[in-house]
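Down below is the structure, laid out as structure tokens.
Bear in mind that the values in this text are calculations on the coordinates, not laboratory data. As the structure is a computational prediction, the values presented were derived from the model and not from experiment.
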């Protein structure tokens, strides 16, 4: 499912227009991104939680040449599914 399909599904399920569904989804993405950028954890009970973790610098290998390369440290977003979401999938 892509973003357009998600917007259409939200609009149908919530019985709102696609324009309103797009505004709501865009607002959610923006607010959650700002929250994660601050280092806060975002928890949606029943759905799951998003958090930011630090990935340390390390040495890797270029698969084409086999030479060693330095991979810089960076922050990555993690998602842990909630129990209700896991139950829906299984």
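What angle do you read, to the nearest 10 degrees and between 0 and 90, between the alpha-carbon axis of helix 18-37 and the longest principal axis of the chain?
The helix 18-37 is inclined about 40 degrees to the chain.
Using only Cα atoms, tell me the angle between helix 3-14 and the longest principal axis of the chain; keep it within 0 to 90° and round to the nearest 10.
Once rounded, one gets 30 degrees.
Let me know the shape class of region 41-90, please: from the alpha-carbon gyration tensor, a ≥ b ≥ c as square roots of the eigenvalues, rounded when a/c is under 1.5, otherwise prolate if a/b is greater than b/c, or oblate. Kindly include the intermediate steps, with their values, before the conclusion.
On the way: a/c = 7.02, a/b = 2.34, b/c = 2.99.
Taking the square roots of the gyration eigenvalues as a ≥ b ≥ c, region 41-90 is oblate.
Go through (i) 12.4, 34; (ii) 18.3, 56; (iii) 24.7, 64 and flag the label whose value is the computed Rg and Dmax of the Cα atoms in Å for this structure.
Computed from these coordinates, Rg and Dmax of the Cα atoms in Å corresponds to label (ii).
Divide by every residue of the chain the summed helix terms, -39500 (n - 2.57) for each DSSP H run of at least 4, and state the resulting mean residue ellipticity at 222 nm, rounded to the nearest 500 deg cm²/dmol. Don't jump to the answer; show the numbers that get you there.
Working: 3 runs with 39 residues, N = 90.
Result for the chain, helices only: -13500 deg cm²/dmol.
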